[in-house]
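Before any comments, here is the structure.
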Amino acid sequence: MSRRLRTTTAVVAACATAALGLTTAVGASASTSRAATAAATKAWSQTLDDTVGAPFAIALAKGDVWYTDGAASTVNRIHHGKSMVVAHGPMPGEVAGLAASADGKSYAYTTTDYSNGATTLTIRTAGKAPVVADLSTYEQRHNPDGWRTYGIVKNESSDPQCARDVLGGLTGGEATYKGGIDSHPYAVASLGNGAWAVADAGGNDILKVDRHGRISVIAVLPPQPIMLTTEMVTAAGLPPCVAGVTYAFEPVPTDVERGERGMLWVSTLPGGPEDPSLGARGSVYMVNPWNHSSTRRATGFLGATDLALGSHGAIYVTELFAGKVSKLQNGRITTAAEISSPLSVEAWGGYLYVGSMGQIDQQTGEVKSPGAITKIRP
């Protein structure tokens, strides 16, 4: 079964998750979000750009701030205080993930073409021809999560057939299914030596793309099972027969960062509603690229759309639907900054660089009011 990939710009902010009423949760967030500025934060802040619609990713290199704008399908660079477009993606479509090499000579970004579903990673290096990796074709040929089981994995409902009918109807197929062919690359990290890691929110995996554009799998993230209680089902507006079902949601990776000793850190959405109806279920994983394993290190984030690695082991996580950037350190989660609709984050030199989402019409993709790139001292 193919998952339903959400491609309207506003919903892409939640990384195109599937099943169990995400439309309502995301729609509410996109239509009621405040102006995406640092006005909500109590920390020192400086607005670097207030013309961006959907800054899905931020990268820092050689004193410059790079970011993508999913609403405009562009890669942008702030140099000496001035923002400029350095690359364009497909229209209708988006540019989402972005990373730059440490020396600033190379950068890579992901694209999704809404007209045909084609997805790519483009690597640009000064003085060389661009390298384009065809991610969607790789997904079609290999489907790395095709062996994973999602949906109903245990059915203790009062009416099991009713539960199967309801949950199968929400996903447009079977209530229990294997991973389908689906690619929506959302984040990139530099691995060094010209290689890049890509978090594919549609494929539920972390891929490696080398300097020549060759693709391989680093890890497939695990399903996110949850037993649906009567309270959860009521809050989600679902029929009572769904209570008692254990449902394995898809993991939906939203960012990847390379940490110490080459370990990768990944943020995930839980593959279902991001409102509190099923609880705050966004997570942070550590991925070992040598044995392809993943270990969940923290959970409880409401809309974990991005993360950043700070000093002394600190990890910063955007909570899009909670209006804050959280700090994970020594197993403890605290609030680093309160800011409206935080979508992306990077950390450097004691500062956070946060991309906030603007108000976007889900039907037309029109930016009603812009978001911002903000530098914050938490």
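A few comments on the model shown:
- Hits in segment 325-337 - residues which are farther than 16 Å from TYR351 by Cβ, over 16 Å from the mean Cα position of the chain (by Cα) and not β-branched (Val, Ile, Thr): LEU328, GLN329, ASN330, GLY331, ARG332
Matching residues to (1) over 27 Å from VAL217 (Cβ atoms); (2) aromatic (Phe, Trp, Tyr); (3) at pLDDT 95 or above; (4) surrounded by fewer than 22 Cβ atoms within 10 Å (Cβ to Cβ):
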{"residue": "LYS62", "(1), (2), (3), (4)": "yes, no, no, yes"}
{"residue": "ASP134", "(1), (2), (3), (4)": "no, no, yes, yes"}
{"residue": "HIS142", "(1), (2), (3), (4)": "no, no, yes, yes"}
{"residue": "ILE152", "(1), (2), (3), (4)": "no, no, yes, no"}
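- Within segment 308-321, residues that are on the phi < 0 side of the Ramachandran plot sit with their Cβ atoms under 7 Å from residues that are of a type outside the set (Gly, Ala, Ser) and part of a loop (DSSP other than H, G, I, E, B), at 6+ positions apart or across chains, in these pairs: GLU319/LEU302; PHE321/GLU274; PHE321/ASP275; PHE321/LEU302.
- Pick from segment 358-375, criterion modelled with pLDDT of 95 or more and of a type in the set (A, V, I, L, M), ranking: surrounded by the fewest Cβ atoms within 10 Å (Cβ to Cβ): ALA372
Here is a yes/no grid of residues against (1) out of contact with any His (no Cβ under 7 Å at 6 or more places or on another chain); (2) surrounded by fewer than 24 Cβ atoms within 10 Å (Cβ to Cβ):
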residue	(1), (2)
GLY202	no, no
GLY213	yes, yes
PRO240	yes, yes
VAL245	yes, no
GLU250	yes, no
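- The one condition in (1) in a strand (DSSP E or B); (2) over 15 Å from PRO253 (Cβ atoms) that HIS312 fails to fulfil: (1)
- Residues that are polar (S, T, N, Q) and surrounded by fewer than 22 Cβ atoms within 10 Å (Cβ to Cβ) do not occur anywhere in segment 320-328.
- Positions within segment 266-279 being out of contact with any Pro (no Cβ under 9 Å at 6 or more places or on another chain) and either closer than 17 Å to ALA187 by Cα or of a type in the set (Gly, Ala, Ser) (or both), in sequence order: GLY272, SER277
- The single condition among (1) in contact with a Ser or Thr (Cβ under 7 Å, 6 or more places away or on another chain); (2) without any contact (Cβ under 8 Å) to a residue 60 or more places away in the chain that PRO276 does not meet is (1).
- All positions within segment 268-280 that are touching a strand residue (DSSP E or B) at 6+ places or on another chain (Cβ under 7 Å) and crowded, with 22+ Cβ neighbours inside 10 Å: THR268, LEU269, PRO270, GLY271, GLY272, LEU278
- Consider segment 71-89 and keep the residues that are at pLDDT 95 or above and touching a Ser or Thr at 6+ places or on another chain (Cβ under 6 Å). The one that is surrounded by the fewest Cβ atoms within 10 Å (Cβ to Cβ) is VAL85.
- Contact map, segment 219-248: first residue closer than 28 Å to SER294 by Cβ and touching a residue at least 60 places away in the same chain (Cβ under 8 Å), second residue part of a strand (DSSP E or B) and of a type in the set (Asp, Glu), Cβ cut-off under 6 Å, separation 6 or more or different chains; pairs are VAL220/ASP205.
- Checking ARG281 against (1) at negative phi; (2) at pLDDT 95 or above; (3) within 19 Å of the chain's Cα centre (by Cα), the condition it does not meet: (2)
- Complete set of residues in segment 315-333 that are of a type outside the set (A, V, I, L, M) and outside any loop (DSSP other than H, G, I, E, B): TYR316, THR318, GLU319, LYS324, SER326, LYS327, GLN329, ARG332
- Remark: THR334 falls outside the filter, which requires a residue to be β-branched (Val, Ile, Thr), at pLDDT 95 or above and under 23 Å from ALA199 (Cα atoms).
- Any hit, segment 297-305, residues being surrounded by fewer than 24 Cβ atoms within 10 Å (Cβ to Cβ), touching a Phe, Trp or Tyr at 6+ places or on another chain (Cβ under 6 Å), under 17 Å from VAL266 (Cα atoms) and hydroxyl-bearing (Ser, Thr, Tyr): no
- Tally of residues being at positive phi and either in a strand (DSSP E or B) or of a type in the set (Phe, Trp, Tyr) (or both) across segment 71-92: 0
- Among the residues of segment 169-193, those that are surrounded by fewer than 17 Cβ atoms within 10 Å (Cβ to Cβ) and closer than 24 Å to ILE123 by Cβ comprise GLY192, ASN193.
- Only one of the listed residues (THR68, THR47) is at pLDDT 95 or above, surrounded by 23 or more Cβ atoms within 10 Å (Cβ to Cβ) and either part of a loop (DSSP other than H, G, I, E, B) or at negative phi (or both). That residue is THR68.
The values are calculated or read from the model by the stated rules, or taken from the named source; none is laboratory data. Everything numeric here is computed off the predicted structure, so don't read it as measured data. Because the Cβ atoms are built from the backbone with ideal geometry, glycine has one as well, and the counts that use them run over all protein chains shown.
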